[in-house]
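The structure appears below as structure tokens.
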Amino acid sequence: GAAPCDHSDCEACTAAPGCGWCAERHTCMQGGDEAPCNADECANSMWMPHSCSAAGVACGTFSSCGECTLNDDCGWCASELRCVSTDERAHACPGRDAQFVGSAALCDEGLGAPGWNGGHAVLWKKRR
């Protein structure tokens with residue numbers, strides 16, 4: 001039979017249990033909430049286990065706090081120094097020390113650094 005994650009579009013892929021979409025490769029593959037089964041095949045920042053929003057695809061491609069926060073649907077995960085979708089923030093920016101920076105002004109103040117305030121502040125982006 002077909003492989004369990006043999007889906008050619010993101011919506012069908014993320015609806016299938018145990019599957020997720022790799023935005024980088026535009027392919028469906030097996031994996032869990034946190035990461036794909038084969039980490040060599042897809043970067044965690046490009047892994048979308050539940051969501052197919054365009055923002056989810058775009059956020060992982062930004063490499064700086066400033067670039068990331070210019071997109072309303074993205075926020076900078078300072079604890080991991082990467083950009084994540086606001087929809088995926090709960091598991092995309094993990095840990096007690098997670099920091100989610102939602103505005104470019106905060107990036108400029110150095111809040112995008114992992115050690116800011118002992119790593120305990122979480123700055124949620126205000127929805128318009």
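Please treat every number below as a calculation from the coordinates, not as lab data. Remember, predicted model here, so these are calculated numbers, not experimental data. Cβ atoms come from the backbone with ideal geometry, glycine included; neighbour counts cover every protein chain shown.
What the table below lists for this structure:
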read-out	value
Backbone HN-Hα couplings from phi across segment 35-42 [Karplus 6.51/-1.76/1.60, Hz, Gly and Pro as x]	6, x, 4, 9, 5, 5, 8, 7
By average C-beta atoms within 10 angstrom, highest first, the peptides 62-71, 4-13	62-71, 4-13
Computed FRET value (nearest 0.05) for residue 38 with residue 72, which takes r as the C-beta separation and R₀ as 25 Å	0.20
Nonlocal amide H pairs with residue 31, under 5 Å, H built at 1.01 Å	19, 20, 37
log₁₀ of I(q)/I(0) at q = 0.13, 0.18, 0.21 Å⁻¹ - segment 1-52, Debye sum with one point per alpha carbon	-0.22, -0.42, -0.58
